Amino acid sequence: MREALCFGAGNIGRGFIAQVCQESDIKLTFVDVNESILHLISTHHQYTIHLLDESKASILIKDIDAIHSQDIEALSHKIQEVDFIFTAVGPHVLRHVGATLAQLYQRHPQLTHHVIACENMVGGSSTLRNHVLNTGITIPKGVDFLDAAVDRIVPLSQEVGSLDVKVEPSFEWIVETDVALNLKGVIEVKELEPYIKRKLLMVNGAHAFTAYLGLLDGYTMIDEAIHDSRIEASVRGLLHEHQVFLNHTFGLDVHDLQKMQDKVIKRFKNKLLQDDCVRVGRTPLRKIGRQERLSMGIETLLSLGHKPLYAYQAIAAATCYFEDEEGLKFKNMDEDELKHTLKSLPLTDESVIEILSIRKTYLNK
């Protein structure tokens with residue numbers, strides 16, 4: 001039987017990666033720092049995934065184990081047995097995972113396994129690999145880092161004292177690889193970039209924009225926000241701009257992208273998800289980055305003579321999110337600091353002026 005380690009025993013790890021592992025006959029061991037979750041896993045070794053649709057079906061995840069991420073001895077033993085290492089920790093935590101892997105690779109230079117970072121970012125596994133290399137160690141020749149695109153909405157719905165998670169039924173997991181991984185439901189491609197950017201723009205970008213507009217209009221949940229016809233129209237406007245970019249840059253089929261737009265809107269309208277706008281909007285400064293979900297296509301659209309009005313709205317709305325540490329940075333910026341931040345995307349002076357004008361309108365609501 002194949003085995004895997006998953007760094008991150010949160011909702012994505014338990015609600016997504018674990019299901020794929022179980023259906024692929026892979027024994028999974030979670031690695032985390034959360035003492036209560038680790039205790040629950042080590043005590044019960046199972047939990048239930050609840051599908052949030054009309055069927056109300058459930059999936060029992062069995063035979064799981066857990067190791068504390070600081071227990072290097074236990075990890076050193078287990079890593080010699082695994083075929084896969086997955087991560088679902090968030091982009092900012094990858095450097096810590098990289099430092100841990102570096103210690104393990106230094107102890108065991110003959111390891112053989114695949115590493116797949118399942119994060120909402122472009123090139124997550126490549127980034128993790130760089131974190132490992134930055135420690136100065138040599139990665140074993142038998143270890144490869146495979147970039148991936150993952151897509152499943154798993155809302156923060158955990159009950160205290162329970163490992164159970166609630167997830168939307170549909171998911172997509174695409175991995176760039178030249179070898180067969182035999183992971184059930186996972187799509188293997190030779191070139192990932194078009195797919196990961198499609199997901200980042202069409203799903204994550206629309207998700208974030210819905211959250212920011214929802215909060216500005218007093219909504220708490222994503223489904224409430226997207227049921228507002230004005231917000232839906234704006235989100236569809238952004239999705240259309242992203243379609244233009246993806247078709248021009250990667251040649252992705254326009255009709256397929258339109259179907260994906262409709263599917264995304266339908267997913268957001270699922271009331272059973274109870275997807276929180278504050279959660280979805282987190283780290284707004286990162287989400288407006290040049291190669292990120294709200295601004296990636298702006299330069300291309302401008303070069304095509306297409307004014308990216310909805311991308312401007314999305315960036316402006318993101319700068320009005322004050323619910324976390326990054327959001328407070330926006331709140332405390334004066335106009336010159338905000339201009340400097342926006343120009344680094346990069347944006348033209350005209351674009352910056354327009355975004356700041358839209359932002360003032362939002363803040364004066």
remark   = All-but-one check, Ile67 against (1) in contact with a strand residue (DSSP E or B) (Cβ under 7 Å, 6 or more places away or on another chain); (2) under 24 Å from Ala148 (Cα atoms); (3) surrounded by 14 or more Cβ atoms within 10 Å (Cβ to Cβ); (4) β-branched (Val, Ile, Thr), failing number (2)
ask   = Looking at segment 202-233, which of the residues that are crowded, with 19+ Cβ neighbours inside 10 Å and small (Gly, Ala, Ser) is farthest from Arg282 (Cα to Cα)?
value = Ala225
task = Could you check segment 242-314 for helices (runs of 4 or more DSSP H) lying wholly inside it with 1 or more residues that are within 22 Å of Ala225 (Cα to Cα) and either of a type in the set (Lys, Arg) or free of Cβ contacts under 8 Å to residues at least 12 places away in the same chain (or both)?
result = 254-268, 277-280, 284-287
ask   = If you go through segment 195-214 one residue at a time, do you hit one that is out of contact with any Gly (no Cβ under 6 Å at 6 or more places or on another chain), in contact (Cβ under 8 Å) with a residue 40 or more places away in the chain, part of a loop (DSSP other than H, G, I, E, B) and assigned by TED's automatic domain parsing to the domain that holds Gln243?
value = no
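The values are calculated or read from the model by the stated rules, or taken from the named source; none is laboratory data. Everything numeric here is computed off the predicted structure, so don't read it as measured data. Ideal geometry is used to build each Cβ from the backbone, glycine not excepted, and the neighbour counts take in all protein chains shown.
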